[in-house]
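The values are calculated or read from the model by the stated rules, or taken from the named source; none is laboratory data. Note that the coordinates shown come from a computational prediction; the quantities given were computed from them, not determined experimentally. Cβ coordinates were reconstructed from backbone atoms using ideal geometry, including for glycine residues, and neighbour counts include every protein chain displayed. Side chains included, ligands, DNA and RNA excluded: accessible areas come from the protein's heavy atoms. Shrake-Rupley method; radii C 1.70, N 1.55, O 1.52, S 1.80 Å.
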Amino acid sequence: MLGSSINLILPPPISPSPFLSLSRLSLPSLPAAELLKASSRKLISATKARSVSTMAAGGENVASLKRQLGQLFEVSIRAVVPDELNVEPAVVPSTGKFGDYQCNNAMDIWSKIKGKGTEFKNPNSVGQAIMGNLPKSEIIESCTVAGPGFVNIVLSKNWMAKSLQKMLIDGIETWAPQLQVRRAVVDFSSPNIAKEMHVGHLRSTIIGDTLARMLEFSKVEVLRRNHVGDWGTQFGMLIQYLFEKFPNVDDVNEMEIGDLQEFYKQSKKRFDEDPAFKERAQAAVVSLQGGTPKYREAWLQICEVSRREFQMVYERLGTHLEEKGESFYNPYIPAVLEKLTDQGLIVESEGARVIHLEGFNIPLIVVKSNGSYNYASTDLAALWYRLNEEKAEWIIYVTDVGQQQHFNMFFKAATLAGWLPVDGSYPKVSHVGFGLVLGEDGKRFRTRSSDVVRLVDLLDEAKSRSKTSLVERGKSEDWTEEELEQTAVAVGYGAVKYADLKNNRLTNYTFDFNQMLNDKGNTAVYLLYMHARICSIIRKSGKDIDELKKTGEIVLGHAGERELALHLLKFSETVEEACTNLLPSVLCEYLYNLSEIYSGKFYSNCQVIGSAEETSRLLLCEATGVVMRKCFHLLGIEAVYKM
């Protein structure tokens with residue numbers, strides 16, 4: 001099993017509330033109220049948002065090739081148009097045959113300076129000046145200007161080779177991008193207590209884990225938050241049913257309420273059909289909210305059974321989360337809402353308390369007409385806590401696209417309150433929406449009985465199919481049972497993850513075991529096989545690759561070698577792009593293209609073992625393997641070294 005863990009943070013005891021109802025309700029305990037009061041003067045406002053320079057970890061980002069080129073062109077642009085201070089270098093990878101990168105600033109600069117008595121006659125002359133003012137650098141071999149001032153850049157092969165060798169010696173961590181944020185919260189997975197995790201939670205867990213991994217690699221401190229649904233009406237119902245089914249609650253064990261899905265259904269049926277039970281369940285909510293020990297212990301017991309179920313999934317996915325559920329933030333809600341009311345943002349409307357937001361035809365309800373809290377009130381309290389107590393600079397929420405409007409409204413309310421800057425600078429919030437998981441029939445993925453598929457069963461099926469495929473290929477004859485099991489786990493679980501992550505997260509995708517476990521095309525199986533093949537080549541050479549890193553030299557004499565090196569050097573900027581845009585699919589595309597370039601351009605044209613260039617090409621193989629392994633790690637996939 002892949003390693004994982006969950007850290008649990010329990011809420012403080014909760015005092016009775018004048019807003020008692022059947023959903024997330026209660027005033028904060030005194031410590032929480034005092035904490036919020038003391039911190040209210042520190043609420044982060046747009047006028048006090050920290051600048052980018054103060055948030056950076058220090059120094060320039062030298063890992064990204066694109067950024068290094070940008071620094072050179074910034075010097076040149078400042079020399080060419082010293083009065084145009086708002087021009088940022090526009091350096092992008094080249095798609096043509098005239099260079100490796102391209103600077104596209106000339107036309108924009110021309111539009112700003114023409115008619116101002118400039119010495120330049122057209123965009124091309126601006127491009128020529130930009131090229132002519134470039135500072136000397138070992139990075140660039142040559143430049144040319146094309147068309148309306150496009151500056152085409154050809155990189156130095158010697159510099160490229162040295163950069164790869166330096167990475168092999170110093171480690172892939174030296175290629176980590178440096179983002180303009182120090183601490184982020186990634187809120188993902190977030191299942192409901194007393195309900196099974198199912199395929200509907202798959203995307204949030206997988207996407208959220210990958211975003212956290214990429215940010216962590218980029219030297220960001222990530223608070224991985226599991227905002228579980230552990231508070232509200234249903235717990236009165238569940239607790240009362242537990243008491244009546246098991247009069248001696250101390251004797252209840254996991255097996256007796258282990259099937260929480262069935263336990264939930266039975267208690268819901270009783271709640272809907274038995275008015276007397278419903279009344280007792282409502283009273284149980286009051287007792288739980290009031291902190292009555294017997295009810296709190298029963299609630300904790302139900303939550304713990306759910307956590308054990310969740311942990312089975314997280315272990316398979318290799319995902320680490322720290323749980324801070326709805327109950328944790330509940331004590332902060334009243335004081336947060338009081339603060340917003342004092343600001344004039346919350347008003348009464350038809351018995352409810354709401355925030356009116358420009359651009360929306362409905363208000364954001366923060367207290368329902370029956371006096372109970374809802375998702376908006378909990379989310380506002382959680383955001384306040386994350387900004388002021390956890391000092392997060394970027395809060396990322398990973399949920400389905402169906403919740404987009406809720407987040408848009410809630411984010412706007414926080415901006416109106418002065419918690420977030422209006423210009424989108426830090427601290428900032430982002431909703432990472434994703435589409436549905438569909439079956440082969442194009443409908444929401446379910447079992448034949450129309451039940452939602454349990455995630456544990458789905459993952460185990462992937463591992464089982466992977467193992468069967470390995471046995472059919474005769475691997476059970478050559479490998480130990482442990483090797484067979486470890487490979488089946490890596491390939492099976494990795495296949496499920498990659499099939500999700502390679503798609504643009506905003507779209508629906510079809511869950512198809514046959515496709516995701518295919519060893520051809522853009523699949524994890526193919527990529528893992530390619531990595532294993534690279535490792536096999538290095539092993540067969542009989543050379544000590546660690547020694548070669550110290551004594552050998554990379555030479556990019558063949559076009560295939562150069563193309564492979566260029567793609568490897570784009571790793572840092574690719575991770576940065578995936579982080580900035582919160583799109584894991586960008587990294588998947590990079591990884592697949594790396595495999596294709598290695599196989600189609602390098603390996604098929606450049607003999608490795610036994611060639612005069614064996615040492616250099618073994619080092620290129622190793623560099624490819626190192627980058628592939630880091631990509632696998634960022635995607636939450638375990639690399640395999642033989643298949």
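Assorted remarks:
- Contacts under 8 angstrom Cβ, first residue in region 432-448 being closer than 29 Å to residue 212 by Cβ and open to solvent by 100 Å² or more (accessible area, probe 1.4 Å), partner modelled with pLDDT of 85 or more and of a type in the set (Val, Ile, Thr), 6 or more apart: 444/437
- Checklist (1) surrounded by 16 or more Cβ atoms within 10 Å (Cβ to Cβ); (2) within 19 Å of residue 75 (Cα to Cα); (3) within 39 Å of the chain's Cα centre (by Cα); (4) not small (Gly, Ala, Ser) applied to residue 138, failing item: (1)
- Selection from region 541-572 of residues that are open to solvent by 30 Å² or more (accessible area, probe 1.4 Å), more than 21 Å from residue 601 (Cα to Cα) and in a helix (DSSP H, G or I): 546, 547, 549, 550, 551
- Among the residues making up region 185-196, those that are over 9 Å from the mean Cα position of the chain (by Cα), in a loop (DSSP other than H, G, I, E, B) and crowded, with 22+ Cβ neighbours inside 10 Å are 189, 191, 193, 194, 196.
- One residue from 582, 506 being in a loop (DSSP other than H, G, I, E, B), open to solvent by 40 Å² or more (accessible area, probe 1.4 Å), in contact with a helix residue (DSSP H, G or I) (Cβ under 8 Å, 6 or more places away or on another chain) and touching a residue at least 12 places away in the same chain (Cβ under 8 Å): 506
- The one condition from (1) over 11 Å from the mean Cα position of the chain (by Cα); (2) assigned to a strand (DSSP E or B) that residue 174 does not meet is (2).
- Taken over region 458-503, the criterion of being of a type in the set (D, E, K, R) and surrounded by 13 or more Cβ atoms within 10 Å (Cβ to Cβ) is satisfied by 460, 461, 463, 465, 467, 475, 483, 485, 497, 500, 502.
- Residue in region 374-408 that is surrounded by the fewest Cβ atoms within 10 Å (Cβ to Cβ), counting only those that are of a type in the set (Phe, Trp, Tyr), touching a strand residue (DSSP E or B) at 6+ places or on another chain (Cβ under 9 Å) and within 14 Å of residue 227 (Cβ to Cβ): 407
- Annotation note: of 243, 328, 271, the sole residue that is farther than 30 Å from residue 486 by Cα, hydrophobic (A, V, I, L, M, F, W, C) and touching a Pro at 6+ places or on another chain (Cβ under 6 Å) is 328.
- One residue alone among 400, 342 is at negative phi and under 25 Å from the mean Cα position of the chain (by Cα), and that residue is 400.
- When 554, 538, 545 are checked against the criterion of being among the β-branched types (Val, Ile, Thr) and over 30 Å from residue 141 (Cα atoms), 538 stands alone in meeting it.
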